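Let me begin by presenting the structure, written as structure tokens, before commenting on it.
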Amino acid sequence: MLLCDFHIHTHFSDGKLSLSEVVDFYGSSGFDAIAITDHLCDQSSFLGKTAHFLSKSLQVEQFNNYISQLELEAERARAVYDMVVIPGVEFTKNSFRHDQSAHVLGLGVRDFISCEDSIENICSEVESQGGIRIAAHPVSTQKVEPQTYHLWNHRDHYQDYFDAWEVASGPVLFDQVLESQLPKIANSDLHSPRQMTSWKTLVNSEKSEPAILDAIKKQKLEFYFYNKGGHQCNYN
């Protein structure tokens, strides 16, 4: 089983660590695979425009550099830590209303996809690149922060567009997702090292990007509570 975390942010958006620091942080902690999923914010909203102005979002003109740096770090991660680094994006549609906000993780994305497009088209574009689509923190995160309920409130419509729904995005399991029949995945949504204690995913596959993404689609995985230096447990 591979120890994995597929929802991580860096200096390219609102993360506290640089890309290389994230790789060293996870590599030295014994992880087998991670995905870098920096925010790409929808500029049609005030919140999205603000994120771009404050450099808390990927920019169109820097996207190719983002992918190039990810590929270089992926080579280093493999050589130094035998760890797979998967390029990704968190397509971020924020609104002042929780029920109109939605975040979509695209793993395996290497070509730019506009976040101004519809959720359906974004998901289709991710799939066309051979990537997978994850509904990020679709229910209450049980923290005082903006929530993203749109996908969950319309899950009957969106369920065929997603390969997995986050059953945890941090240290709390989401009961609504856990009790559903939807495909699931657990991540940290890490922005700073203090968020490392969280639910992660154990993937049953070979250690390569295509095999890992395929295993997520086929739900060959388990959830794992990771607490470096402390109590850890599996959830089957």
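Read-outs throughout are calculated quantities, based only on the coordinates presented, and are distinct from any laboratory measurement. None of these values were measured; they are calculated from a predicted model. FYI the Cβ positions are ideal-geometry reconstructions off the backbone, even for glycines, and counts take in every protein chain you see.
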> Within a Cβ distance under 10 Å of residue 186, other residues only, what is the Lys/Arg minus Asp/Glu net charge?
Replying inline: -1
> Once the other residues with Cβ under 13 Å from the Cβ of residue 202 are scored (Lys, Arg +1; Asp, Glu -1), what is the net sum?
Replying inline: +1
> Top mean-square fluctuation among 51, 211, 186, Gaussian network model of the chain, C-alpha springs under 10 Å?
Replying inline: 211
> Say we join alpha carbon atoms closer than 10 Å with springs in a Gaussian network model of the chain; which of 46, 223, 174 then has the biggest fluctuation?
Replying inline: 46
> Tell me, what is a quarter of the convex hull surface for the C-alpha atoms of the stretch 2-235, in nm² with one decimal?
Replying inline: 11.3 nm²
> Okay, helix-only estimate at 222 nm for the chain: each DSSP H run of n ≥ 4 adds -39500 (n - 2.57), divide by all residues, round to 500 deg cm²/dmol; what do you get?
Replying inline: -8000 deg cm²/dmol
>> With the crude spin-label approximation of a point 7 Å out along Cα→Cβ, what separation in nm comes out for residue 120 versus residue 96?
In response: 2.9 nm
>> Full-extension gain between residue 75 and residue 1, please, as 0.36 nm times their residue separation minus the C-alpha to C-alpha distance.
In response: 24.5 nm
> By the scheme Lys and Arg +1, Asp and Glu -1, what is the net charge of all other residues having a beta-carbon under 12 Å from that of residue 67?
Replying inline: -3
> Share of Cα-Cα pairs in the stretch 169-208 beyond 17 Å, in percent?
Replying inline: 43 percent
> Of 126, 203, 60, which has the largest mean-square fluctuation in a 10 Å C-alpha GNM of the chain?
Replying inline: 60
